[in-house]
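Since every read-out is calculated from the coordinates, none of them should be taken as a lab result. Fair warning: this is a prediction, and the values are worked out from it, not measured in the lab. Cβ atoms come from the backbone with ideal geometry, glycine included; neighbour counts cover every protein chain shown.
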Amino acid sequence: MSMEELRKVLVGQMKNRAMMYYYIYKEVGQELGPQKAASLLKRAIYKRGLEVGRMLAEYGPDDLEGLKTAFMEKVVPHDGSMFAPEIISCNSQELEIKFHRCPLKEAYLEAGLSEDETATMLEIAAQVDYGTFEGAGFTFRADTWKPGRTGCCHLHVTPGKQKKAL
């Protein structure tokens, strides 16, 4: 399989993940309401992020340079081409990454979701990032995509609380 074919498969799988989130959200929302559906999905997706964060925990709570390298190599798929990440800054105070593309966002818009629905789904999906970075021991905030913005999510990672000495 060529690299381009592999990229298409990976993008397809990411879009499939996006639509699974959406259909679960809609079904749960019909039973419990959209706010409860969003809350449940966020908690579940966050827990998956915590598992991912374990592979980055050696960098917590404050090795942002090591985190950046490991995140880009181990977590961001296909050399970053699917998300087109830009490292805005990486110093002892903050790691800031801007994603210029997102297969999840593309999937929602291609499926005909409104921009507001897309923004809601991206806010839900971002919980994997919260779990990943917080699970690795860092403090995290995401500015998820909103209508009128370019690109996609903007990630902000700062040092977490110091580990307690034994």
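Note down the magnitude of the dipole of the chain about its Cα centre, charges +1 on Lys and Arg C-beta and -1 on Asp and Glu C-beta and zero elsewhere, to the nearest 20 debye.
Working: 22 positive and 23 negative charges, 91 e Å.
Here the size comes out at about 440 debye.
Comparing 48, 149, 17, which has the greatest mean-square fluctuation in the GNM of the chain with Cα pairs linked when under 10 Å apart?
Fluctuation is largest for 149.
Mind listing the Cα extents of segment 94-163 along all three principal axes, in Å, largest one first?
Over segment 94-163, Cα extents along the principal axes are 46, 18, 16 Å.
List the lysines whose Cα lies under 26 Å from the Cα of residue 68, skipping any in the same chain that are fewer than 8 positions away.
Qualifying lysines at Cα under 26 Å: 8, 15, 42, 47, 98, 105, 146, 161, 163, 164.
Based on the Kirkwood radius over alpha-carbon pairs, what value in µm²/s does the Stokes-Einstein equation return for the translational diffusion coefficient of segment 43-129 at 10 °C and 1.306 mPa s?
Working: Rh = 14.3 Å.
The diffusion coefficient I find is 111 µm²/s.
Could you check the spin-label model distance between residue 93 and residue 13? Points 7 Å from the Cα along Cα→Cβ, value in nm.
Between residue 93 and residue 13, the simple spin-label model gives 3.9 nm.
Can you give the Rg and Dmax of the chain based on its C-alpha atoms, in angstrom?
16.2, 54
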